[in-house]
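Engineer: Below you will find the structure I want to go over with you.
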Amino acid sequence: MHFAIIAAGEGSRLAQEGVALPKPLVELNGCPMIRRLIDIFLGCGAESISIIVNEEMTAVKEYVQSLSLPVPLHLTVKSTPSSMHSFYEVSRTFESGKFILTTVDTIFRPDEFARYVAAFDADDKADGFMAVTSFIDDEKPLYIDVDDNMRITAFLDKMQPGIKFISGGIYGLTPPALKVLENCMEKGVSRMRNYQRALVEAGLNLRTYPFKKIVDVDHQADIATAEAFLNAPE
């Protein structure tokens with residue numbers, strides 16, 4: 001399994017609230033968020049790890065470049081207009097096979113993530129394996145509609161009757177999903193949620209994997225919230 005991290009955002013809200021470090025280097029329980037993800041990926045048997053950071057975050061670039069990992073580490077340094085564009089840029093470094101992509105500020109329990117990775121690895125039918133949660137912490141959640149077999153039928157900006165899940169920001173994908181990404185870039189599509197809608201429109205088999213809880217670190221107060229979540233008994 002290959003893994004990727006989007007760490008190309010500006011982290012402007014954290015900076016405005018007095019957090020001096022770039023978001024990827026903000027520590028949770030003494031560990032930078034980007035290193036925490038890398039360690040989790042390695043613990044899940046990563047074959048390679050790809051990371052994108054923006055051009056302004058020189059400290060993040062230097063931190064990643066200083067790492068010595070037991071697997072190939074591919075670093076892309078480029079500022080992009082959206083997370084979907086960041087995904088496209090980092091996808092150029094992907095090796096063949098399944099891959100899991102997440103943003104650097106997506107916080108989850110390592111044991112739950114390991115079960116998700118194992119389930120995706122064992123599945124031979126899904127084109128995508130999307131982490132979802134019924135815990136709503138995001139300021140602008142992406143709601144997910146599913147059929148009786150937990151296959152995704154729609155990505156929605158607004159809550160609709162019967163909707164149970166929102167996107168968890170963890171995307172398990174296969175090579176056919178990259179072809180859809182290329183088409184989105186050619187058509188001028190922007191934003192990850194619109195790319196996900198394109199996956200459904202293309203007829204890809206997108207399965208869901210429920211997590212009990214996933215939180216995002218967007219504000220200074222979220223740091224303490226994330227640490228409390230990780231330290232609490234499961």
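Engineer: Considering the chain as a Gaussian network with a 10 Å cut-off on Cα pairs, which listed residue, F129, F99, F211, attains the greatest mean-square fluctuation?
Structural biologist: F211
Engineer: What FRET efficiency, computed as 1/(1 + (r/R0)^6) with R0 = 30 Å and r the Cβ-Cβ distance, is obtained for D145 and R92, rounded to the nearest 0.05?
Structural biologist: 0.40
Engineer: Here is a further query. Assigning unit charges at the beta carbon (Lys, Arg +1; Asp, Glu -1) and nothing else, what dipole magnitude in debye, to the nearest 20, does segment 117-213 show about its Cα centre?
Structural biologist: 200
Engineer: Right, here's the next one. Please report the base-10 log of the normalised intensity I(q)/I(0) for segment 23-101, using a Debye sum with one equal scatterer per alpha carbon and no solvent, at each q in 0.18, 0.26 (1/Å).
Structural biologist: Those come out to -0.78, -1.49, one per q.
Engineer: For segment 113-153, how big is the tail of P(r) above 12 Å, as a whole percent of Cα pairs?
Structural biologist: For segment 113-153, the fraction of Cα-Cα distances above 12 Å is 68 percent.
Engineer: Can you list the GluC sites (Glu not before Pro) in segment 30-96 that are in a DSSP coil and have 16 or fewer other beta carbons within 10 angstrom?
Structural biologist: Answer in residue order: E47, E55, E56, E95.
Engineer: If the cut-off is 25 Å between C-alpha atoms, which lysines fall inside it for K23, apart from same-chain ones fewer than 8 positions away?
Structural biologist: Partners within reach: K61, K78, K140, K212, K213.
Engineer: Give me the Kirkwood hydrodynamic radius of segment 1-135 in Å, from all C-alpha pairs, to one decimal place?
Structural biologist: Value: 15.5 Å, from the Cα pair sum.
Engineer: Mind grabbing the accessible area of S96 for me, 1.4 Å probe, Å², rounded to tens?
Structural biologist: That residue has around 110 Å² of solvent-accessible surface.
Engineer: By per-residue mean of other Cβ atoms within 10 Å, what is the highest-first order of 218-224, 162-168?
Structural biologist: Answer by packing, highest mean first, reads 162-168, 218-224.
Engineer: Another one. For segment 69-122, what are Rg and Dmax over the alpha carbons, in angstrom?
Structural biologist: 13.1, 35
Engineer: Sticking with this one: Please work out the Cα center distance from segment 138-193 to segment 64-130, rounded to the nearest Å.
Structural biologist: Centre-to-centre (Cα) distance: 16 Å.
Engineer: When the chain is treated as a GNM, springs tying every alpha-carbon pair under 10 Å, which of A46, A118, A131 comes out with the largest mean-square fluctuation?
Structural biologist: Judging by the Gaussian network model, the answer is A118.
Engineer: A further question on this structure: What dipole magnitude, in Debye to the nearest 20, does segment 1-141 give about its Cα centre under +1 on Lys/Arg Cβ and -1 on Asp/Glu Cβ?
Structural biologist: So the magnitude is around 140 debye.
Engineer: Restricting things to alpha carbons, find the Rg to Rh ratio for segment 152-234 using the Kirkwood radius for Rh.
Structural biologist: Here the Rg-to-Rh quotient is 1.04.
Engineer: Here's a follow-up. Given +1 on the Cβ of Lys and Arg, -1 on the Cβ of Asp and Glu, and no further charges, what dipole in debye does segment 1-61 carry about its Cα centre, rounded to the nearest 20?
Structural biologist: 80
Engineer: Summarise the accessible area of segment 152-234 (1.4 Å probe, protein heavy atoms) by the percent that is carbon and sulfur.
Structural biologist: 52
Engineer: Can you give the three extents of the C-alpha atoms in segment 5-56 along their principal axes, from longest to shortest, in whole Å?
Structural biologist: Each principal axis gives a Cα extent; for segment 5-56 these are 37, 26, 12 Å.
Engineer: How much accessible area per residue does the chain have, counting only protein heavy atoms and a probe of 1.4 Å, in square angstrom?
Structural biologist: That works out to 46 Å² per residue.
Engineer: Let me ask you something else. According to the Kirkwood expression over distinct Cα-Cα pairs, how big is the hydrodynamic radius of segment 102-184, in Å?
Structural biologist: 14.0
Engineer: Once you place label points 7 Å from the Cα toward the Cβ at L67 and T225, how far apart are they in nm?
Structural biologist: Computed distance between label sites L67 and T225 equals 2.5 nm.
Engineer: At most 15 other Cβ atoms within 10 Å and a DSSP loop assignment: could you name the GluC sites (Glu not before Pro) in segment 123-208 that fit?
Structural biologist: Those that pass, being in a loop and sparsely packed, are E139.
The values are calculated or read from the model by the stated rules, or taken from the named source; none is laboratory data. Please read these numbers as outputs of a predicted model, since none were measured by experiment. Cβ atoms come from the backbone with ideal geometry, glycine included; neighbour counts cover every protein chain shown. Ligands, DNA and RNA are stripped out before the accessible areas are found, and what is left, the full protein with its side chains, is counted by its heavy atoms. Shrake-Rupley method; radii C 1.70, N 1.55, O 1.52, S 1.80 Å.
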